[in-house]
2 protein chains.
Amino acid sequence: MAHSLDLADPLAHARGRFRLPDGIVYADGNSLGALPAAAPAHLAHVVESEWGQGLIRSWNDAGWIDAPAQLGARIAPLIGAHADEVIVADSVSVNLFKLLAAGLTPRRRTIVTLAGDFPTDSYIAQGLANLLGNVTLREIPLADIVTALDDQTAILLLTHVHYQSGARHDMAALTAPAHAAGALTLWDLSHSAGAIAVDLNAANADLAVGCGYKFLNGGPGAPAWLFVARRHQKRLENPLSGWMGHARPFAFEPGYTPAPGMARWLAGTMPILALAALNAGLATFDGLAPAAIEAKAAALTTHFIDRVAHIPGITLATPRDPAARGAHVALAHDHAQPLTQALIAHRVIPDFRTPNLIRFGFAPLTSRFADVETAAATLAHLIETQAWTNPAYHQSRKVT
Amino acid sequence: MAHSLDLADPLAHARGRFRLPDGIVYADGNSLGALPAAAPAHLAHVVESEWGQGLIRSWNDAGWIDAPAQLGARIAPLIGAHADEVIVADSVSVNLFKLLAAGLTPRRRTIVTLAGDFPTDSYIAQGLANLLGNVTLREIPLADIVTALDDQTAILLLTHVHYQSGARHDMAALTAPAHAAGALTLWDLSHSAGAIAVDLNAANADLAVGCGYKFLNGGPGAPAWLFVARRHQKRLENPLSGWMGHARPFAFEPGYTPAPGMARWLAGTMPILALAALNAGLATFDGLAPAAIEAKAAALTTHFIDRVAHIPGITLATPRDPAARGAHVALAHDHAQPLTQALIAHRVIPDFRTPNLIRFGFAPLTSRFADVETAAATLAHLIETQAWTNPAYHQSRKVT
């Protein structure tokens, strides 16, 4: 069954764009994308030739100075944005701070977000509110989000696909009431971009951020990116007004003048080696249609849910409708943490999310239906044998 | 003469720790440090083995999660700090924002800085002041800095070695009056760390930032770092309160609790590949005493000044006393920009700084006295032949 699905998979060839360890089922592409096959040689070239031989001349000659905008333009088609609406910069956390601060107005000082959304999004909003003193952060249950939007609301901040459940918001359906209330929408696409088809402009979204190291395959801690719809680009200003966001950074003028377009969202100098890896990660999407990627994600996760939802002790924490989820599936189990360690020991790599979730992220470019099948069978076996009773699977780890 | 100086140089062996292009005099280590010889293999290992094979497991197994603190501890001895006072994070611009915001108090809302200091330091302060609305930025001439400090002053922000002139402040002599006024000092060590002996704790300094890509040899756009003196670590809080600065990032708690120690100054996930290159850069300092590095910088720059100060049309813009400068020398010339291009065409690489300066940065670990001699002779020749009259040297470049 899985074999025939893999044979019929129009994206099956994409796996050849990566180097994956032998004998491993990698189900954590939602935490760290796999290594693009072209990345080692590309990085070696940037290190040995551009840095080692070109030295400072490479800022011009190798185009380093243009890399943040050029990589942003490569991300744009994956998220339904124009090329001049996206730039690579800093981290998701730092970019959230910039956009949240920029979106406040003298009269609108409330940020509305979902209770239980990815913590850093809330932490950053808390830090901004503490710094400014006159900003309110409201963390609201899903059912009450729309009614919480009012004439004090500056921004509705949401992660598009939830980091735990994988549940996906209807972007257009939430943007409309936000706009009706006079607020902007800010979408965290960390678990969406590269996994499903996102169309920011079709949804009339205002602002977005996302990370480079998950489904975009940019390498561990890859730089993040941000999106500002064209209609807001002249008005919104970056509070982290560093020199790379200046209209003329090498004029060394005493006063800050924001660059036109997205360049103003840069702050300091960007890590070029990390950008080189992200470039290789984005190249893995060449020629692949977002709709085909989403269709593969839906098929993989459906297949997995079909295989695991009935296992005793497992509760499916992810929506059953593929259109209502991303590319990962979360399963609740009373012994989720040792079960995760047992899976890793058995060469199936998902991750654990407190308090009781095992997340299986099936990156559409690298995952085979055979991998899904192996992951499900291994999980069933480990539960049947009560693997959590083995003390070896109770080791403590800094990163879970 | 230069040959005998190189033979007698106790740091001469350090050049062997780098790969430099043949036939080039690299006098821009103050903008981008050279490639450490060990960097390509180290990066290839991190990319191919840790990322490619270890995948998500490397956050624990390869110690990625500890890299920012471990690299901070490696920087500490170069700047007179304790290992637990330094962490690698983000960019200089972003770190300046964090520390400037943290250093404000309800009653002290003024930032004093030097007029004409490196622009991004001022741009970031301007951005913070615009965001908060009740912060005053005072840009003061050098002679008036001490008298400008008053009971409104929260922070005295200074670059230790000036990016243009190379002039070095007496850190202890300026920290004392800042403390007498009740203010904190915040030092930008971008042009100091790795070039001269810095002793933050001997000067009783409070806060510092610095960049990784200049004299620390961490690669283009390498992550930056920050220092907070132990006595301030409990009190000061990071306004960019992202998840990696949380006391328990993987507990995914709804409320932000800052980590103890320096970890609270992290925001988002750090770029691991860029940290790997910085690690190789910091390894080039193994076993080298900061005092020996400073002595070499003084000898190189003195030798250069002796060779060029008399050239017609050249005005020395850098202090003649080695203790009053860093490791670069700035020369003013009416045709500085085309002269810089002519030097590069003649395989001597300095950089240009508007409006009329040529900067020669002699990184003590890679520069030979013979390089200094060649740079001086090439400059003398190009001025004698009026190289600036050649239109080929008037090309426009994005990065200067």
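For residues that are hydroxyl-bearing (S, T, Y) and outside any loop (DSSP other than H, G, I, E, B), tally how many sit in region A:152-187.
Selection size over region A:152-187: 4.
Does A:G281 satisfy the condition of being assigned to a loop (DSSP other than H, G, I, E, B) and in contact with a Phe, Trp or Tyr (Cβ under 9 Å, 6 or more places away or on another chain)?
For A:G281, the condition - assigned to a loop (DSSP other than H, G, I, E, B) and in contact with a Phe, Trp or Tyr (Cβ under 9 Å, 6 or more places away or on another chain) - is not met.
Of all residues in region B:122-151 being away from chain A (no Cβ under 13 Å) and in a helix (DSSP H, G or I), which is surrounded by the fewest Cβ atoms within 10 Å (Cβ to Cβ)?
B:A143
Criterion first (more than 30 Å from B:P10 (Cβ to Cβ), modelled with pLDDT of 95 or more and either among the aromatic types (F, W, Y) or in the same structural domain as B:W388 (by the TED database) (or both)) does B:I293 satisfy it?
no
Kindly evaluate B:F352 against the criterion of being in a strand (DSSP E or B) and closer than 18 Å to B:E294 by Cα.
no
Scan A:D188, A:D206 and give me the residue that is over 30 Å from B:F352 (Cβ atoms), within 14 Å of another protein chain (Cβ to nearest Cβ) and of a type in the set (D, E).
Checking each option against the conditions leaves just A:D188.
Within region A:219-250, count every residue that is hydrophobic (A, V, I, L, M, F, W, C) and part of a helix (DSSP H, G or I).
Total meeting the criteria: 3.
Within region B:150-174, work out how many residues are in contact with a Leu (Cβ under 9 Å, 6 or more places away or on another chain) and over 15 Å from B:G103 (Cα atoms).
Selection size over region B:150-174: 10.
Would you say A:A173 is among the small types (G, A, S), surrounded by fewer than 19 Cβ atoms within 10 Å (Cβ to Cβ) and within 14 Å of chain B (Cβ to nearest Cβ)?
No: the conditions fail for A:A173.
Which residues, counting only those in region A:256-273, are surrounded by fewer than 24 Cβ atoms within 10 Å (Cβ to Cβ) and in a helix (DSSP H, G or I)?
Correct list: A:G261, A:A263.
Do we have any residue at all in region A:2-17 that's within 30 Å of B:G219 (Cα to Cα), touching a helix residue (DSSP H, G or I) at 6+ places or on another chain (Cβ under 7 Å) and crowded, with 16+ Cβ neighbours inside 10 Å?
No: zero hits.
Would region B:271-282 turn up any residue that is within 30 Å of A:V92 (Cβ to Cβ) and away from chain A (no Cβ under 14 Å)?
yes
With respect to A:E253, determine if the residue is of a type in the set (D, E), surrounded by fewer than 24 Cβ atoms within 10 Å (Cβ to Cβ) and assigned to a helix (DSSP H, G or I).
Taking the combined requirement at face value, the residue does not satisfy it.
Give the number of residues within region A:72-99 that are closer than 12 Å to A:L207 by Cβ and over 18 Å from the mean Cα position of the chain (by Cα).
Residues in region A:72-99 being closer than 12 Å to A:L207 by Cβ and over 18 Å from the mean Cα position of the chain (by Cα): 0 in total.
Please tell me if A:V25 is in the same structural domain as A:A330 (by the TED database) and farther than 30 Å from B:L132 by Cα.
Answer is yes for this residue.
Residues checked against (1) at pLDDT 95 or above; (2) assigned by the TED database to the domain that holds A:N30; (3) over 16 Å from A:A297 (Cβ atoms); (4) within 22 Å of the chain's Cα centre (by Cα):
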{"residue": "A:A336", "(1), (2), (3), (4)": "yes, yes, yes, no"}
{"residue": "A:L339", "(1), (2), (3), (4)": "yes, yes, yes, no"}
{"residue": "A:A345", "(1), (2), (3), (4)": "yes, yes, yes, no"}
{"residue": "A:I349", "(1), (2), (3), (4)": "yes, yes, yes, yes"}
{"residue": "A:G361", "(1), (2), (3), (4)": "yes, yes, no, yes"}
{"residue": "A:F369", "(1), (2), (3), (4)": "yes, yes, no, no"}
{"residue": "A:V372", "(1), (2), (3), (4)": "yes, yes, no, yes"}
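For region A:215-233, state whether one or more residues are within 14 Å of chain B (Cβ to nearest Cβ), touching a strand residue (DSSP E or B) at 6+ places or on another chain (Cβ under 9 Å) and either at pLDDT below 95 or on the phi > 0 side of the Ramachandran plot (or both).
There is at least one residue in region A:215-233 that is within 14 Å of chain B (Cβ to nearest Cβ), touching a strand residue (DSSP E or B) at 6+ places or on another chain (Cβ under 9 Å) and either at pLDDT below 95 or on the phi > 0 side of the Ramachandran plot (or both).
Can you confirm whether A:A8 is within 22 Å of B:H45 (Cβ to Cβ), out of contact with any strand residue (DSSP E or B) (no Cβ under 8 Å at 6 or more places or on another chain) and aliphatic (A, V, I, L, M)?
no
So which residues in region B:234-246 are away from chain A (no Cβ under 11 Å) and touching a strand residue (DSSP E or B) at 6+ places or on another chain (Cβ under 7 Å)?
B:L236 - this is the single residue of region B:234-246 that is away from chain A (no Cβ under 11 Å) and touching a strand residue (DSSP E or B) at 6+ places or on another chain (Cβ under 7 Å).
Quick one: in region A:376-394, which of the residues that are under 28 Å from A:A297 (Cα atoms) and in contact with a Leu (Cβ under 8 Å, 6 or more places away or on another chain) is farthest from the other protein chains (Cβ to nearest Cβ)?
Looking at the filtered set, the residue picked out is A:I383.
Residue-by-condition table, conditions (1) acidic (D, E); (2) touching an Asp or Glu at 6+ places or on another chain (Cβ under 8 Å); (3) closer than 18 Å to A:Y163 by Cα; (4) free of Cβ contacts under 8 Å to residues at least 24 places away in the same chain:
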{"residue": "B:H232", "(1), (2), (3), (4)": "no, yes, no, no"}
{"residue": "B:E237", "(1), (2), (3), (4)": "yes, no, no, no"}
{"residue": "B:S241", "(1), (2), (3), (4)": "no, no, no, no"}
{"residue": "B:M244", "(1), (2), (3), (4)": "no, no, yes, no"}
{"residue": "B:A247", "(1), (2), (3), (4)": "no, no, no, yes"}
{"residue": "B:T257", "(1), (2), (3), (4)": "no, no, no, yes"}
{"residue": "B:G261", "(1), (2), (3), (4)": "no, yes, no, no"}
{"residue": "B:T269", "(1), (2), (3), (4)": "no, no, yes, no"}
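For region A:22-121, please list each of the helices (runs of 4 or more DSSP H) lying entirely inside it that holds at least 1 residues being at the interface with chain B (Cβ under 9 Å from one of its Cβ atoms) and surrounded by fewer than 20 Cβ atoms within 10 Å (Cβ to Cβ).
Here the list reads A:39-45, A:58-61.
For region A:250-267, which residues satisfy the criterion of being over 22 Å from the mean Cα position of the chain (by Cα) and at the interface with another protein chain (Cβ under 8 Å from one of its Cβ atoms)?
Passing the criteria: A:F250, A:A251, A:F252, A:E253, A:P254, A:G255, A:Y256.
Give the residue, chosen from B:L282, B:L288, B:L278, B:L273, that is under 30 Å from B:V47 (Cβ atoms), in contact with a Lys or Arg (Cβ under 8 Å, 6 or more places away or on another chain) and in contact (Cβ under 8 Å) with a residue 60 or more places away in the chain.
From the options B:L282, B:L288, B:L278, B:L273, the qualifying one is B:L282.
Please enumerate the residues belonging to region B:301-333 that are assigned to a strand (DSSP E or B) and either touching a residue at least 24 places away in the same chain (Cβ under 8 Å) or within 16 Å of B:N30 (Cβ to Cβ) (or both).
Within region B:301-333, B:R325, B:H328, B:V329, B:A330, B:L331, B:A332 meet the criteria.
Condition check: without any contact (Cβ under 8 Å) to a residue 60 or more places away in the chain, assigned to a loop (DSSP other than H, G, I, E, B) and away from every other protein chain (no Cβ under 14 Å). Does A:R397 satisfy that?
no
The values are calculated or read from the model by the stated rules, or taken from the named source; none is laboratory data. Small disclaimer: the values here were computed from a predicted structure and weren't measured. When we count neighbours, we look across all protein chains shown, and the Cβ atoms used for this are built from the backbone with ideal geometry, even at glycine.
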